[in-house]
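Structure, as structure tokens:
What follows draws every value from the coordinates through simple rules; no lab data is involved. Since we're looking at a predicted model, the values are computed, not measured. So basically every Cβ, Gly included, is an ideal-geometry build from the backbone, and we count neighbours across all protein chains shown.
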Amino acid sequence: MCLAVPGRVLDIQERDGTRLATVDFGGVVKEVCLEYLPDLQVGEYAIVHVGFALQRLDEESARHTLELFSELGMLQEEFGDPWEAAAGGGLPPVGEEARK
């Protein structure tokens, strides 16, 4: 599943002509493209989908949504460690194992 998740902008920088932000998603920090929200500022919240900030969001709505996602385990599903999932059998077999 791929969610649109609210996050808080921690800092903003420009790299190779692209405006990027470091965004906190309830403890998980990721880099996000701000090209669709060029006026977003540090401290504001946005809904992020596949690495792009798509819509500004108020803090109360963002916190409420993050709490719900966390309670439902959706944040772990969205941001969980792919290496941990692979070690736990979370990925399908490849190569010879897939052919058996």
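Where does each of 29-36, 6-13 land if you order them by average Cβ count within 10 Å, highest first?
6-13, 29-36
Residue separation times 0.36 nm, minus the C-alpha to C-alpha distance between ARG56 and ARG15: what's the value?
12.6 nm
For the range 5-84, what class follows from the C-alpha gyration tensor (a ≥ b ≥ c being the square roots of its eigenvalues): rounded when a/c is under 1.5, otherwise prolate if a/b is larger than b/c, else oblate?
Here the range 5-84 falls in the oblate category.
Residues with beta-carbon under 9 Å from that of ARG56, excluding ARG56: net charge, scoring Lys, Arg +1 and Asp, Glu -1?
-3
Could you compute the FRET efficiency for VAL29 and GLU67, with r as their C-beta to C-beta distance and R0 at 25 Å, rounded to 0.05?
The calculated FRET efficiency here is 0.90.
Please report the relative contact order for the range 5-84, taking Cα pairs under 8 Å with a sequence separation of at least 6, and give it as a percent rounded to a whole number.
26 percent
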